[in-house]
Each structure stands twice: as C-alpha cells, then as structure tokens.
1. Based on what the data block shows, is A245 in contact with a strand residue (DSSP E or B) (Cβ under 9 Å, 6 or more places away or on another chain), of a type in the set (A, V, I, L, M, F, W, C), modelled with pLDDT under 95 and surrounded by fewer than 22 Cβ atoms within 10 Å (Cβ to Cβ)?
2. Could you tell me which numbered condition S234 fails, if it satisfies all but one of (1) outside any strand (DSSP E or B); (2) among the polar types (S, T, N, Q); (3) closer than 29 Å to G170 by Cβ?
3. Is at least one residue of the stretch 296-305 out of contact with any Cys (no Cβ under 7 Å at 6 or more places or on another chain) and loosely packed, with under 15 Cβ neighbours inside 10 Å?
4. In the stretch 207-243, what residues are hydroxyl-bearing (S, T, Y) and either under 18 Å from the mean Cα position of the chain (by Cα) or more than 22 Å from L268 (Cβ to Cβ) (or both)?
5. Yes or no: R231 touching a Leu at 6+ places or on another chain (Cβ under 6 Å), of a type in the set (K, R), surrounded by fewer than 21 Cβ atoms within 10 Å (Cβ to Cβ) and at negative phi?
6. Which one is nearest to A311 (Cα to Cα) among residues in the stretch 237-256 that are in a loop (DSSP other than H, G, I, E, B) and in contact with a Lys or Arg (Cβ under 7 Å, 6 or more places away or on another chain)?
7. All but one of (1) over 18 Å from G129 (Cβ atoms); (2) free of Cβ contacts under 8 Å to residues at least 40 places away in the same chain hold for G45; state the number of the condition that does not hold.
8. Return the residues of the stretch 159-181 that are touching a strand residue (DSSP E or B) at 6+ places or on another chain (Cβ under 7 Å) and not in a helix (DSSP H, G or I); say none if nothing qualifies.
Amino acid sequence: MSDGPGAAPPAVVIGEALTDVLVDSGGRRRGLPGGSPANVALGLGRLGHPVRFATRIGRDTNGDQLRRRLRDGGVLLAPGSVTERPTSTATALLDGSGSADYDFDIAWAPSRQAVETVRTGPPAHLHTGSIATALPPGADAVFDAVGRAQESATTSYDPNLRPALLGPPGRERARVEQLVEVSDVVKASAEDLDWLYPGQGAERAAQRWATAGPAMVVLTLGDRGARAWWRHGSYRVPPVPVRVADTVGAGDAFMSCLVSSLLRAGLLGGSPACREALAAATDAALLPPPIVAALSLASRAAALTCGREGADPPTRKELTSLF
C-alpha cells in the first residue's frame, strides 16, 4: 500500500443504511446489512479511519444487525441516527453472474441532529451519495451538509443511482450535476451514467464531469476495470481477475479504499493544503504515483468484495496480505 505515515484522518459519511435481502437465481433469500453510504463508512472503518456515520436506522432486528456490523467495523453512529421507524430494505434479485436488480422499501428522513454532525468536530473528509442524495425529504438536508462541509473538509460523491426510486433521467440530472460540481472526487458506474445520459456514452459523460468542478472523476466498468478522468487527461485502471460470488457492494469498496488512500497520501483532508495538493496533483497530463496506486488498490478492494457474498469490504490487513 502507498499510504503515508501517521494516524488515519477522520471522515464523516452521510446517507442511508438498509438491509439487503438477497434472492439468488434459485429463489433462496438471505438478509445482509447494506446501503451504499453505510458500506463506504464500514469500508473506511475497516481500513483504519475514525468514522462518524449520519443515517437513519430503526430499533428492530434489521437495525440491530446493522448497528452491530458498523460498530464492529469501527464506525460511530452520529447522535440522532436511530429511530423508532422500521429499517429500510432493498431486495436484490441476483442473476446467474451475481449481478443484482433491486426493489426498495425505503424512507429517507434523517433527523436534523444526525445531519448536523458535520458541524461537530469537523471531519477531514465528507462522503455521501446514492439514495440519500436523491430521495426527499432528506436529500435537501444532505446537499446543505455538503455545502457546509466544504468550508473545512474535502468531499466525495457517488451517485449510485437507483432508477426504481427515481423519476425520469432528465428530472434527476440537475441534482446529480449540482453535487458533482461541489465535490472534490466523484465515482460513478457505467450503469449510472448510461441511465442518466441515454445515448451519450458513459465515458463521454464522465469526461465532461471532470471539467465541471471535481479534481477527479472515476468511472467503474465492472470486469473491464475502471477509468479516471481529470481536467488534463485520463487513466485506465486494469481489472483484477476474481471468481465472482456477487457484485453487491463492490463499487462501495472501491470508493472507500480510494478515499482512504487519498486521505493517507495527504490529497484529501481538512486543511486547505490538502485540496491544493489534490488540485496540483491533477494539474498535469499524467497522474502522480500516489493517485495511480490509490486507484489500483481500490480496484483490488472491489475485486475482493466481488469474491464473497454481499457487501463485505476488506480490512486493511486483508489488502496488505493478499496483494
């Protein structure tokens, strides 16, 4: 790994936590903790970062399972994150290759106390995305929190779009693009951008995003690896061969590992110097070695997650021992 010395910088993640009900091609059902932002928080915690997670989790069996998993991964729930309402669920229908289509039973209305966590002991970095940035009434509160965090922290965003919960692409585009413009690092999947910009091509859309505000935009391409864009060029991240159990949570593992590596390299963080360092690092035709290494390690984290059932991001020890 290419991490720098010193303690791991702290992070805040704001977004949904839910239970993934996995239904395989034979009809067998299994409930596992999930939710894209929850998976990113867990990934950062397992990689050694102090993490506060602002979310909405019910006081029920699914919520108990979620809280135990996050706690065991080193994630601290922000005050106000536990509610009397039921924990949300996402039923993932898996095909023979392990790819998933989702059906959701979800409410996203985080408490003001939970979202205000960005004001209490400002983090080095804030991450958000997915349902939390799209579904009312909570989406507006998340957008406001991202705006406030920019004063003292870097930010990352993964749209991780769920069409079953959204209106037509044209209606969703403006909100997504607003968040892209105010983020330092953005990750999206080819499926996200193909849905959001039908007929335009995911890679063309990612390239355009990289000129709209972020220092770097990364497009994940499944078994074809990934590609990063910045204002002056692009870099292809080769795929890591793996025997796929399922793809649930692979993009979230990529995201958490990328953020972790950039934080440790001093390219993300809570001082103006970090944002300046990231801008300087992406102000050339070639990416510097720390960013290339971060992208490579993120690809390995995603591959490890694909090799086991459900959203199960690797620990720091697993990444260092297996690669």
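1. No: the conditions fail for A245.
2. (1)
3. The answer is no; no qualifying residue exists.
4. Once the filter is applied, which keeps residues that are hydroxyl-bearing (S, T, Y) and either under 18 Å from the mean Cα position of the chain (by Cα) or more than 22 Å from L268 (Cβ to Cβ) (or both), the stretch 207-243 yields only T220.
5. no
6. Ranking the qualifying residues of the stretch 237-256, first place goes to A245.
7. Going through the list (1) over 18 Å from G129 (Cβ atoms); (2) free of Cβ contacts under 8 Å to residues at least 40 places away in the same chain, G45 breaks only (1).
8. P159, N160, R162
The values are calculated or read from the model by the stated rules, or taken from the named source; none is laboratory data. Computed from a predicted structure; not experimentally measured. Glycine also receives a Cβ, built like all others from the backbone with ideal geometry; neighbour counts cover every protein chain displayed.
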